[in-house]
Every structure is written in structure tokens, then in C-alpha cells.
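Take a look at the structure below.
Each reported figure results from applying straightforward, stated rules to the coordinates on display, with no laboratory input. Just so it is clear, the model here is predicted, and its values are computed rather than measured. Backbone-built Cβ (ideal geometry, glycine too); neighbour counts: all protein chains shown.
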2 protein chains.
Amino acid sequence: MQPGTTSTSLHVYGMASSGNCHKVKLALDILGIACRWHETDIMKGESRTPEFLRMNPNGRVPVLQVDANTFLPESNAILCYLAEGSPLWPGDRLARAQALQWLFFEQYSHEPYIAVARFLRLFVKRYDDPRFPDLMKRGYAALGVMETHLGDHDFFVAGRLTIADIALFAYTHRAGDGGFDMARYPRVRAWIDRCLQQPGMSSMPAPA
Amino acid sequence: MQPGTTSTSLHVYGMASSGNCHKVKLALDILGIACRWHETDIMKGESRTPEFLRMNPNGRVPVLQVDANTFLPESNAILCYLAEGSPLWPGDRLARAQALQWLFFEQYSHEPYIAVARFLRLFVKRYDDPRFPDLMKRGYAALGVMETHLGDHDFFVAGRLTIADIALFAYTHRAGDGGFDMARYPRVRAWIDRCLQQPGMSSMPAPA
């Protein structure tokens, strides 16, 4: 968090080693938004307590607390909220829709495979889970779609870092944790390096 | 489609009996946007041809063709694009983020269970697919989150029909096709009726 740029009452409930939560940290850091982070360990059931379920009945991190009674779940919706009016959120109608296209791609065709493979290997150490063949096949398909798009784009939308890159970066730069061989995706690896050169970007920490 | 309200070069590639595609038809009908619909039968592989993959390398319907060389995939990104500047897309920053929250909920916590159960039963008739116990459990969890929210809301966001309702309506009003018992969700059923009373709303057709 960059200190003192904005005085704010924002709170985030999240787990630092979760990609969906790391997205929110990246947006806050890049935008210099002050925020109090409440580390919430999903492995200890802290996102399923009655108190947590009052904030998000869906029982998932991250949650952004906007004011005393307003809680915003869904990592990519939080990115849109934080980025509004900033260069991270394109001003043009079509470019905004294209950023959303990649946010929905990330949640539907990417995260359910690449993040879940990482979770099974790194968090619960189920190396022989029967889901792995399907997770790897579909995760590689998502990486293939990214590799194709990066053939003629430095960033996913609008020629610069946007929330589309932040959302996709979160689990992609740790895909190796789930057993994905990134040697096959040179453009994706170059894009990860390009993202990491942007002010405020950082790698996600390993689980505690 | 309401005739003649707007002259436009928009094209949609979609399958009428797919909820993700029905969302787009609803937004077009409600907004009175003229558009040419190209029926694309995913059961015949029409979303995996080289021509289709040039429009959407992810091989999914729907795709909105915005101009000769611009193709927008992802149903919920298309909803945002079409609804911009209309009452279907809230003007307030927080309400917009809350609409997006439900769009991401729909694609991550709802569609992968409720739509997939419908697909297995109605399209490929695999009534004993081993995924059913998990699909039903998670689908019912999503319906439970909706039922809770509708306890004090007539619509999901902003007190009126928005793209959040359109996105959730698409597969929810046909959840029975996938074997879900909607008798348990009286508020969801009342909300479906409320949605269907709005001008331009319609039920999704059965597979051809």
C-alpha cells in the first residue's frame, strides 16, 4: 500500500495468497488507494463464519467494505469499482467492453482450471486428484487463448495496463504452482515480465 | 426483435436455446436495437469452425459483431456494451459495481452448475452423469444466495430491471430443465414472474 495518498475508510477482507485477493491488492497499490486489509484465512473457515456470511452470503473472498453497511464481493467487480475514472479502466465504450470480456473470460475459462489446480497442489496437496486431467486440458486451452491474443498486443486491451491485465496476471504468473508448463507460452511469459515492470505490480506471496 | 427502431450493422452469432445467448436477445429486445441473428448450432460444432474461431478464439457463443473487424465475445460483456447509457445499466458507481458483482456471480457460482445440469439433461441426455451430485449441490447454493438477496429486493440492483436481472434470469427461469426443484425458492419464482412482466422480456425456447 502506498502511504498517505488518499484518506479512506475502505476495508478489504482477503487472503494474501489467493489470486482473486491479490488482484485487489494490485489495484490498490497501483492506484495509491489507502485501505485496511483484514487477512481472512479460508483454510481455517474464516469466510464461512456467520459474521463473514453477513458481508457476503456467497462465502468467498475478497470482499471490499465500501462503508459501514455496504460490502462488495467478486474480485473483478471490485477491480471495476476501484479503477473507475483511472487509466486502469478504459474510457472508450468498446475498450471497456473488451476489458470486461477478458474479466469474464478469466472467471469462466481460466480461474476455474488454473486457480483450482494451484489450490489442489499448493493448499491441500491432493496431487492425484481425479480432476487434474480436465483441469490441465482446460487450463492449457485458456493459456493458448492468451498466447494467441498476445501475438499482436502488448497488453490485453487499449495498449496499456488495465484491469484486464491485473485480473489475468493474478493466477497466470503463478500457474506453475498448479503444474502448468509455462515454457510453451513465450508471449504470456513476456507479458508477465511487462506487467511486473509497471509501478505497483508485484508477485503474489506463497501460502503462509 | 422490435422492428425499425434503430438502423444498425450489429450481428449476433448465437444459439436461441442457450441461456448465454438468450441474455443478448433480451437486451436487444428490451432496448429496441435492430440486429441480425445468425443461429449457430454448437451441437453441430458450428462454434469450433476456423471461421468461428477467427471471431472468438475461445470457441463460445454468443459473439456480437460490432463492425467489420470487431467481435465481442462473453455474454455478460455484451450485455454491458449494449446497455451502456440505458436504464438497464445503473448510472451510479456503486450500483454499477453491484450489477457487475451479480454478473460475475452468475458466471462463476451459478451458470457452471445450473446451465451445465440443463445441458446434460436437455441437450445430451446424460441423466446419470457423475457430475450431477456436485452440480445440484452448488446450483442449489446459488439459488439460495439469490433467494436470500430477494428477501428485501424486488430486483437485484437499483430497484429496477438491470442487466444483473437479465443475466440471472436466463438460466434461472429454466433451472427446472436441469432437475432443480424451484418450489423451494418462492422469492426467486416471484422475481421470475416480475421479470417476465417487463416489456421485451421473454422465456427461452427449448432446443430445436
Cα centroid separation, region B:157-198 to region A:88-164 (Å):
29
Check: the protein assembly as shown dipole with +1 on Lys, Arg Cβ and -1 on Asp, Glu Cβ, in debye:
600
Along Cα-to-Cβ, 7 Å out, sits the label point; list in nm, shortest first, how far the one on residue B:69 is from those in the other copies.
5.2
Net charge near residue B:177 (other residues with Cβ under 13 Å of its Cβ; Lys, Arg +1; Asp, Glu -1) is +3
How high is the relative contact order of chain A, in percent, with contacts defined as C-alpha pairs under 8 Å that are six or more residues apart?
23
Using 0.36 nm times the number of residues separating residue A:126 and residue A:51, minus their current alpha carbon distance, what extension gain do you get?
24.0 nm
Percentage of interatomic Cα-Cα distances in region A:1-80 larger than 22 Å:
17
Distances in nm from residue B:208 to the matching label points in the other copies, shortest first (labels 7 Å along Cα to Cβ):
5.6
Residue-averaged beta-carbon neighbours from other chains (10 angstrom radius) around B:108-120
2
What the Cα atoms of chain A span along the principal axes, largest first and in whole Å, is 46, 41, 27
In percent, how large is the relative contact order of region A:93-196, given Cα pairs closer than 8 Å and 6 or more residues apart?
37
For region B:20-152, with +1 on Lys and Arg beta carbons and -1 on Asp and Glu, the positive-most of B:34, B:65, B:151 along the dipole
B:65
Quick one: plug the Kirkwood hydrodynamic radius of the protein assembly as shown (C-alpha pairs) into Stokes-Einstein at 25 °C, 0.890 mPa s, and report D in µm²/s.
112
Under 21 Å, Cα to Cα: Lys pairs in the protein assembly as shown, sequence gap 8 or more or different chains:
4
Please list, in chain and number order, the residues 5+ apart from residue B:46 or on another chain whose amide H is under 5 Å from its amide H, with Hs placed from the backbone.
B:41
Rough spin-label spacing in nm, given labels placed 7 Å along Cα→Cβ, for residue A:148 and residue B:152
4.6
Scanning chain A for trypsin sites (Lys or Arg not before Pro) in DSSP loops with at most 16 other Cβ atoms within 10 Å, what's the longest stretch left with none?
A:49-124
For residue A:127, label point 7 Å along C-beta direction: distances to other copies, nm:
4.3
